[in-house]
Amino acid sequence: MTRILRACAVLAFVTAALQSAPASAALNICNQTSYILYTAGGYQAGANMFTRGWTRIVPGDCAAVFPDPLTAPTYYIYAKSSQAHSGLARAWGGNLRLCAKDANFALQSPLTVPGCQGDDTFQLPFAALATHGKKSWTTTLTESPLIPSLDVARVAGIERLLNDIGYKVGPDDANGNKSRDDAMIAFRKHMKLSETASNADLYAALETEALKASAPAGYSVCNDSDGDVWTAIGLKSGANWVSRGWWKVPPAGCAKTITDPLATDKVYLLVENHTNAYLVKGPMKFCVTNIEFEVFGTDKCASRGLTEAGFAVTDVKGRAGYAAHVGKDGLLAPAPKIVQPRTPK
């Protein structure tokens, strides 16, 4: 059974197909595009709408947005391309506007309350999937007839990311694609990736480097470690100092902590791992709490029932966008310039 859904942007479209023998009962999304996608899902239960995201899916792979057996008659999905990609952002969705966040989220929204609750929540156009009472359903997101399979998408995704980073990868010819092969050799050498590195490791490295190259408007925190991290930021906002947190950032993922073009010289950063150990800290003191917060002012933290913590500085002067990368040992230095391979004439 196949269903065609209307897309919400850039002439992309969505196909949904019921798998005859799914690996497990779930709502699965397959990425048959050349973009790394971040996907969100939703469903109605009683008088509430539940939404959650973001599930990262690399080209050629599938992942479960809802990993449990399906119970609702209709589910809703939305997908957006990674910030790592150059050019216009792409989105796959429909006409029903549901609540989401820039960072990872799980929201419960009463149907009787218009709009979204919380200053950091907003609506996105989700597409409806009628699953017809099935316990498992798989949806494939597509981009172009030139990408007819998941295997082709996997290769197209690698080529797109290499171009996003700055390598020049041309189309295939009768002898294959030497420009892609040369770029991959140079990239693996630059990243110290072995020939046996997994597809997941390769895509994580490609997206990380592409994010460093793109640095979209605003301030992002990218997690290059192998475990979840939580981040908070501090900055001067007008005449006041303000600190905000926490954003949960999964491995190989990024959180957009500031969405507007930067209008400050410095953003201060605090990052901790699942053991509450600080991966990034510094001398600039801000007030924080152990739950989601926005605090104005940096003084009298204790008397306000808050905790004082030291943030590290990131210099963003003159930039509209900045991506801070955090590894297992702390804040990473900016990526070195990549020298393009020369193609023999």
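Any read-out appearing in this document is the output of simple, stated calculations on the displayed coordinates, not a laboratory observation. From a predicted model like this one, the values you see are computed outputs, not experimental measurements. Counting neighbours? That spans all protein chains shown, and the Cβs are built from the backbone with ideal geometry, glycine included.
The set of residues in region 300-327 that are aliphatic (A, V, I, L, M), within 17 Å of residue 235 (Cβ to Cβ) and assigned to a strand (DSSP E or B) comprises 309, 312, 313, 323, 324.
Of the residues making up region 172-191, just one is touching a Pro at 6+ places or on another chain (Cβ under 9 Å), buried (at least 18 other Cβ atoms within 10 Å of the Cβ) and over 20 Å from residue 147 (Cβ atoms), namely 182.
Reported count of residues in region 73-92, each being closer than 28 Å to residue 135 by Cβ and over 15 Å from the mean Cα position of the chain (by Cα), is 5.
With respect to residue 289, is the statement that it is hydroxyl-bearing (Ser, Thr, Tyr) and under 23 Å from residue 121 (Cα atoms) true? Quick ask: steps written out before the conclusion?
Working: hydroxyl-bearing (Ser, Thr, Tyr): yes; under 23 Å from residue 121 (Cα atoms): yes.
It is true that residue 289 is hydroxyl-bearing (Ser, Thr, Tyr) and under 23 Å from residue 121 (Cα atoms).
Residues satisfying the criterion are present in region 294-304 (criterion: surrounded by 10 or more Cβ atoms within 10 Å (Cβ to Cβ), over 23 Å from the mean Cα position of the chain (by Cα) and among the polar types (S, T, N, Q)).
For residue 254, state whether it is farther than 25 Å from residue 201 by Cα, touching a Cys at 6+ places or on another chain (Cβ under 6 Å) and not small (Gly, Ala, Ser).
It is false that residue 254 is farther than 25 Å from residue 201 by Cα, touching a Cys at 6+ places or on another chain (Cβ under 6 Å) and not small (Gly, Ala, Ser).
Cβ-Cβ distances below 8 Å connect the following pairs, each with a first residue in region 187-216 that is within 15 Å of residue 332 (Cα to Cα), a second residue that is aromatic (Phe, Trp, Tyr), and a separation of six or more residues or different chains: 205/187; 209/187; 215/322. Just one of the listed residues (255, 232, 277) is touching a residue at least 60 places away in the same chain (Cβ under 8 Å), closer than 17 Å to residue 330 by Cα and over 15 Å from the mean Cα position of the chain (by Cα), namely 232. The residue that is surrounded by the most Cβ atoms within 10 Å (Cβ to Cβ), counting only those in region 20-56 that are under 14 Å from residue 137 (Cβ atoms) and free of Cβ contacts under 8 Å to residues at least 24 places away in the same chain, is 23.
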